[in-house]
Every structure is written in structure tokens, then in C-alpha cells.
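The values are calculated or read from the model by the stated rules, or taken from the named source; none is laboratory data. Predicted model, so just to flag it, every value in this text is computed and none were measured. Neighbour counts run over all protein chains shown; Cβ positions are idealised from the backbone, glycine included.
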Amino acid sequence: MAKHATPLLDQLQSGPWPSFVSDIKEEAERRHKNEKNVEYQVPVDVCDDLLGILELSYKDGTTHWKHGGIVGVFGYGGGVIGRYCDQPQMFPGVAHFHTVRVAQPSGMYYTSEYLRQLCDLWEMRGSGLTNMHGATGDIVLLGTTTPQLEEIFYELTHNMNTDLGGSGSNLRTPAACLGESRCEWACYDAQELCHQMTNEYQDELHRPAFPYKFKFKFDGCPNGCVASIARSDMSFIGTWRDEIRIDQEAVAAYVGGEIQPNGGAHAGKDWGAFDIEKEVIDLCPTECMWMEDGKLKINDRECTRCMHCLNVMPRALRIGNDRGLSILVGAKAPILDGAQMGSLLVPFIKVEEPYDEIKEIIEGIWEWWMEEGKNRERLGELIKRQGLAKAIAAVGLTPVPQHVMEPRHNPYIFWKEEDVEGGWDRDIADYRKHHQR
Amino acid sequence: MAFISTGYDPSKPMEGRITDIGPRHFEEFYPPVIKKNKGQWAYHEICEAGILMHKAKGGDEVYTVRCGGARLISVTLLREVCDIADKYCGGYVRWTTRNNVEFMVDTLAKAKELKADLNSRKFAGGSFKFPVGGTGAGITNIVHTQGWVHCHTPATDASGTVKVAMDELFEHFTKMDLPAPVRVSMACCLNMCGAVHCSDIAILGYHRKPPIIDNKVLDNICEIPLAVAACPTGAIRPTKTEHEGKTVNTVAIKQDRCMFCGNCYTMCPALPLSDKEGDGLVIMAGGKISNRISRPKFSKVVVAFIPNEPPRWPTLAKVLRQIVTAYAAEANKYERLGDWAERIGWERFFEKTGLEFTSHLIDDFRDPAYYTWRQTTQFKW
């Protein structure tokens, strides 16, 4: 018998999509039965009370979680989000309901052995509820009490060789797509670079020293499966500089209808026979492709590597061999000054151990942002305030047309004195010799 | 409930302390076929909805079965994932960036058997536990935030609205019958932990009432200058007021300048915004992240407000259906929702979807607003 009646939430049990309500309700029952005699370290009715407080929100249309609360583990300034409910008398099981962010392995591959360890830990020392994964990429352990935090951290670091993730004004847990591990389009080892940069900057991740949050995301190619261009202050997107590799036999097989276009992604509807002119050549944004004597030709110099032709014909077209990545900076959600997409900072950089060139770019940007950024000013906002040219200068690059979509619309150029012949120091008396008042 | 120590001694926090070790190295978790063929993949195809095949240059094949699920998942369900991974996949499993679970096997026959098994597992409440799909030109799982389950600033619930949305759009999760992928995202307030601002369809929680000022405690629990500085429209100023016979330091809010972002509440807990009638949803559409064909683009507000209607948010479900149905019927193959809207013109988008255009949809927030107005005589009747 459930502790709280949840007539509203119960209506979210029907329908095909997996019901989080069903899952939590079943978890609540299992905690009460406790067939494995787990020595629960947080209230046994934590799941019941979570359902209870959520039902209350469904009834009165507002949240019942209080604002913040500074809790954490010794020596770290992030990784734990303090959370308390505003009706602790009604729902004591979730009076304290802190979140623990756990660093996920880059690319989010797991063994069942590891996950079971995590489940055992979280069943005993937390609510038994998780997010796989949080929006930034962490494994999120949802709901525990303050005395458990050090215990959880001890267990994670000592027995699972795993650290906490980031929160607050620090480097947030970086995330990558699965990259070369299972994708033919990965232009660099996104998982490895993500892992290496995560470990290189552990201090920045755990100890807040930035004006505000800072996110890294690593996309293996311009398809952008980890959404770095929209969601990270510094976005690393794989690309190449040479030619798309063409297998003309496979092109012919696509044209002849032997291979499904786009890997069969449109199989749920009859779109008719594949038409390479209509589906590939005419859709190329730079019009740099054509058919000649039954062969596909690409003027690679004009190609902007949008990925469409490769996506449509993965067996015929392959990414180039001279690979690396582009770095874009400043993406963020609308708070405060409106949403921003990442802007191109580094058109191309090789990805080679020990990644010194990439680290120089990262550290150049951080140095500038930490010097010039105001409290709670995201990198993108600083770039807007001071201009992209300052960001380019901060990492010591030469401005190139690739940095902009088009040149500026106004001539309001902030010339520097040293750039203007003769300097700015002038004498009015001299001027008046030639110009009467 | 006796306290059980792991071995940590609070009086000596540094003793044996391990810090700054980061995540586990991902290679420890690679299935053997992934480890062997990393960087050597030749191509992939989607065998059927929810089953991908990746072929390595050396001839190896890996079949991936993708299934959706709630992002909020219990340890019991997680253990069931482990059981499935043990039974079919040598104990390996992975998650996608959109909260899908992927199981990898070595033959199509095994993949199909696994798909059938996954589709057979249901909660006592009736819903699927691991519905297979989410591949190709369809609708995959929704990335989202915490909502009323765990957050202090939401204007709506996340898990509930996502459940409603995926129930409504489920057929497109299991069939690849759309012109291109439609990425749906959900964030329960403007902070957008879920960064929904570049999604084909974004569901966004939004407040519509200015903060209530808790004069009794404001000066004790807030730094007034920070609260003032937090306001992007300069609507907040420091002031003094009479409270229970005493003069207290507090803030005053110019309510007609408030655009309900909640940034002041982030800085000052004495300025709560949430309200049953005030809070609800904004629907945005036409954003994308990929560079494919067209540039990445922001989502645009197409419905200014939908009231919170828990538990099943029927208006939300109806609006999603309207947008997806019009797009599915009208867009060209490979054309993302935003590209379709731009090709036909946004005036046509409102006509085709049947959504109402209101004054709220004309941008008036700073510079970017101008660039969204029509500086041409070219438009459609």
C-alpha cells in the first residue's frame, strides 16, 4: 500500500513511453520489502515521499524544492547540489534530498559490473533513483542526506576509482560523442581528448575559480551529436582539410538502388527511388558536386564539410585523411542576454598527444576570461561585450575571413593609437595655424 | 538504521583521501569488438528501426539495439539493464547523448531476438520499459531537466511533460517515417539546463508573474547588490520598506520591466516566482545543431504560452501533434523542421500548422530582435 495517494501521477503510468512514475512506485515498494536486507542509510520511504511531494506539485502547480544549500565534500567546491524540500513535516523522507554528480566515462560505455557497484552504493546510501544521464553528461545520483556525502565520495574514489563531476562556477563535466569507437565519421578521438582534458583540468573542475560555469564538449564531426556548438563555452568539432574520399563503385551502387540511402534512415516511408541529383547534388550547400561520365565529382576546395553527402552515402563517401578539429567558443542558453551559438575561434588544429596546442588555446581563453569577465558572465557574453577580435587576440591567432560570416556592417572601428600614423597626440595651436575658428 | 561507515574518518578528512582522479578511462568499458575496431569503422546502416549495424574495414560487424527510457531511472531498472547486458552482450552497455540505452551484439539474429525481448518488458502500470527505436528520420528520446522532481526554479515538470510528449509522438520513435530527424528537448525554466534553444521542437517552462518580495528575510539571506545586478532589464533597485513596524532593507521591482527570467531568484531566495496560474510552457521550433546542409540555428517561439495542465498536459500534446503532422506531410526528404519553415516562409508555417500568430511572437528583446523583423517587401499572402 502506497504511503501517499497519487491520483494525478498515476495517470502518467498509461501510454507506451516508459513511465518514471511506475518505476519510482515499484522502487518504493521494493525498498519497503527490502528482500536483500540492505542497511539503508537514508529514510526507507524516500521514494514514497518523493512521489508525495511531486503529487503535491502536480496539484498546486509549483515546485516544493527550496533554494540551494551549500553542502559538499571536503576540499571540493562542486559536485554536490544541496536540495531541501519546503514541506519536511509532510515528507520527511525527502527533507534532505541532495544530488551527487558523478564523472561519467567519456562516451558513456559501461560494464554491468561497474553499474551494479554503483547501484549497490546508491541503494544503500541514497534514494536508489538516478539520472542516466544529467544534461551536461554526468551520472546523476538523485537524493541523499548530508552525512552520506563523504561516505559516498569515499566509496566512489576508493572502491570505484571514480570522481565527482562539476557544478558551480567551475569547469563542468566535459562530454563527448562516442567518436572513433563506433562511428566512421569521427575526425579525431573525441573520447580520448575529452578524457585527457577532463583529467588535465581536475583542479578547475573541482575548485571554482572562474567567473561562472564553463563547459567543454567534444563532437567528432560537424553532425554534432553531443550538441557542442550550442551547449558548450568551448566546442571542439572534428573536421578535415583535404578531399572527401570517393568509392565510385559504391556511388554506382547507390545510384543503382542496391544500397539504401542515408543508411536506411528513411525506411519508414516510401520516398521513391534514390535520385542522386535531387537528394545529394542539388542539396549541396556550396554546389560543388556533379556527375560526369557516371562518376561523382567533388570540387573539394569549395566544400564546407556540411556532412550531407557523407550522411546520405556512407559507403561511398568518407571523411578526408588530413583530420583535426575546429574550436568554437561562447555557446550558451538564453540566460541572460539571449542564446548564443559557438563562434569559430580556431578553424583547424591537429589533435596530437600531448595536446599542447589545444591546451594553449584553452588556457589563453581562460586567462582572458578570468581577467576580464565579470561575476557570472559567461565566455560568450564577454565575447559579445568586448568583441570576437579580443578573443582571437587572447589566443594569439591572426584574424582570417573564416572567422566571420561577413565583414562588419558599420565603420565604427576601435582603432588603436599605435595603428594610426603619427599617433593621437596633437596640438590645437598647430591645427589653428591652418584653420581659423 | 544504524550509520555504517565506509572507513572515512571525519576527524581526519585528509587521511587516505583520494581526489582529482576524474572518471574511469572509457577503454575499460569497451566491448571487445569496439576495442578491436576503434577508428577502423567503414560504414553503418540501420537494419530496421532501433537496430544499427556498423561494419569495420576488417569485416567485423557490430549490431546495436537502441531503446528509449526515462532519464529518471531506479537502481532496480538499472540492474535490469545489467541483466540484459549480461545475457546478450557480455556485460557491456552504453548510453547515448539523448538518454537512450544501447546494447551491442554480433549478429542480426541476436539483435532481433534482443529487440523482441526488450519490447516485451513492461512496467506493472502498462508502459514499455525499453521500447526499441530512436534511429534515423524519426523522433528519438527527449533530453530534459529535473522539473518538479528535484529543482527549485522550474515553471513546470520535466519528466511529466516528456512522458506526455513521447506518448503522443511514440509512433515516430518506432518508425522512421519523417523527412529528417526531429530532435525534441525540454527545459523546465529559462536557465535551460537542457539547453533547448537549438532543437527542432523545444518545450520550455516559463514564469509569467514577477517575483514576490519576501521583505521579512530578504536582507538577511540575500546580497542586495547581487540581486540588483542579476536583473538583465534593470527592473530591480534597492529600497527600504516598513515590515511589521520595522524599517528593513529590501528591493523594489518595476514589474512592467520584468521578463520573468528568474535570474534574481537564482541570486536571492527571497524572490520566488513560481505560481500556478502564472507558470506554463513556451513552445519553440525550427532549431538545429548539425551543420548538415544549413547552418546550426536557434529555435523560434511559435506558441507563447500553454498553461500547466498536469498530469497529461493535453494542449501540449495537441500542439506537438499539429507541428509534427504538418511537417511530416509537407517537408522534403532530408529537410529539417527549421529548414522547411524557412523554405515555405514562417507565414506559411503558421498556416500549415494551424498555430495562432500573436504579438508575443514578435521579438522585442534587444538587438537580435531587429534581425527577425521583415526588411523586405517579399512575403507571401
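At-a-glance table
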{"item": "Hits in segment B:92-122 (condition: over 17 Å from B:CYS82 (Cα atoms), within 10 Å of another protein chain (Cβ to nearest Cβ) and either polar (S, T, N, Q) or without any contact (Cβ under 8 Å) to a residue 12 or more places away in the chain (or both))", "result": "B:THR97"}
{"item": "Condition broken by A:LEU56, with the remaining ones in (1) farther than 25 Å from A:GLY137 by Cβ; (2) in contact (Cβ under 8 Å) with a residue 60 or more places away in the chain satisfied", "result": "(2)"}
{"item": "Residue list for segment B:11-43, filter: of a type outside the set (Asp, Glu) and more than 7 Å from every other protein chain (Cβ to nearest Cβ)", "result": "B:SER11, B:LYS12, B:MET14, B:GLY16, B:ARG17, B:PRO31, B:PRO32, B:VAL33, B:LYS35, B:LYS36, B:ASN37, B:GLN40"}
{"item": "Residue selected from segment A:271-293 under the condition touching a Cys at 6+ places or on another chain (Cβ under 9 Å) and assigned to a helix (DSSP H, G or I), by the criterion nearest to A:LEU178 (Cα to Cα)", "result": "A:VAL280"}
{"item": "Conditions (1) in contact with a Phe, Trp or Tyr (Cβ under 8 Å, 6 or more places away or on another chain); (2) of a type in the set (S, T, N, Q); (3) within 8 Å of chain A (Cβ to nearest Cβ): number failed by B:SER290", "result": "(1)"}
{"item": "Residues (free of Cβ contacts under 8 Å to residues at least 12 places away in the same chain and assigned to a helix (DSSP H, G or I)) located in segment A:390-424", "result": "A:ALA393, A:PRO401, A:GLU417, A:GLU418, A:ASP419"}
{"item": "Top-ranked residue of segment A:100-114 - restricted to ones that are touching a Leu at 6+ places or on another chain (Cβ under 8 Å) and assigned to a loop (DSSP other than H, G, I, E, B), ranked as nearest to A:GLU192 (Cα to Cα)", "result": "A:GLY107"}
{"item": "Some residue of segment A:360-372 being within 12 Å of another protein chain (Cβ to nearest Cβ) and either of a type in the set (Val, Ile, Thr) or within 23 Å of the chain's Cα centre (by Cα) (or both)", "result": "no"}
{"item": "A:VAL351 being assigned to a loop (DSSP other than H, G, I, E, B), outside the structural domain of A:ALA265 (by TED's automatic domain parsing) and at pLDDT 95 or above", "result": "yes"}
{"item": "Considering residues of segment A:1-37 that are among the polar types (S, T, N, Q) and within 7 Å of chain B (Cβ to nearest Cβ) only, the residue surrounded by the most Cβ atoms within 10 Å (Cβ to Cβ)", "result": "A:SER19"}
{"item": "Within segment A:244-270, tally of residues that are facing chain B (nearest Cβ under 10 Å), aliphatic (A, V, I, L, M) and in a loop (DSSP other than H, G, I, E, B)", "result": "3"}
{"item": "Restricting segment B:186-204 to residues that are aliphatic (A, V, I, L, M) and surrounded by fewer than 24 Cβ atoms within 10 Å (Cβ to Cβ), the residue that is nearest to the other protein chains (Cβ to nearest Cβ)", "result": "B:MET192"}
{"item": "Helices (runs of 4 or more DSSP H) enclosed by segment A:130-221 - at least 1 residues per element that are without any contact (Cβ under 8 Å) to a residue 24 or more places away in the chain and not charged (D, E, K, R)", "result": "A:149-159, A:190-200"}
{"item": "Subset of segment A:208-218 [within 11 Å of another protein chain (Cβ to nearest Cβ) and either more than 10 Å from the chain's Cα centre (by Cα) or within 17 Å of B:ILE293 (Cβ to Cβ) (or both)]", "result": "A:LYS213"}
{"item": "Residue list for segment B:153-180, filter: in a loop (DSSP other than H, G, I, E, B), buried (at least 24 other Cβ atoms within 10 Å of the Cβ) and out of contact with any helix residue (DSSP H, G or I) (no Cβ under 7 Å at 6 or more places or on another chain)", "result": "B:ALA155, B:MET176, B:ALA180"}
{"item": "Number of the exception - B:ASP219 against (1) part of a helix (DSSP H, G or I); (2) in contact with a Pro (Cβ under 6 Å, 6 or more places away or on another chain)", "result": "(2)"}
{"item": "Within segment B:69-91, considering residues that are facing another protein chain (nearest Cβ under 7 Å) and assigned to a loop (DSSP other than H, G, I, E, B), the one surrounded by the fewest Cβ atoms within 10 Å (Cβ to Cβ)", "result": "B:GLY91"}
{"item": "Hits in segment A:289-321 (condition: among the hydrophobic types (A, V, I, L, M, F, W, C) and under 17 Å from A:THR239 (Cβ atoms))", "result": "A:ILE298, A:CYS303, A:CYS306, A:MET307, A:CYS309, A:LEU310, A:LEU317, A:ILE319"}
{"item": "Residue satisfying condition, being among the small types (Gly, Ala, Ser) and surrounded by fewer than 22 Cβ atoms within 10 Å (Cβ to Cβ), within set A:GLY342, A:GLY364", "result": "A:GLY364"}
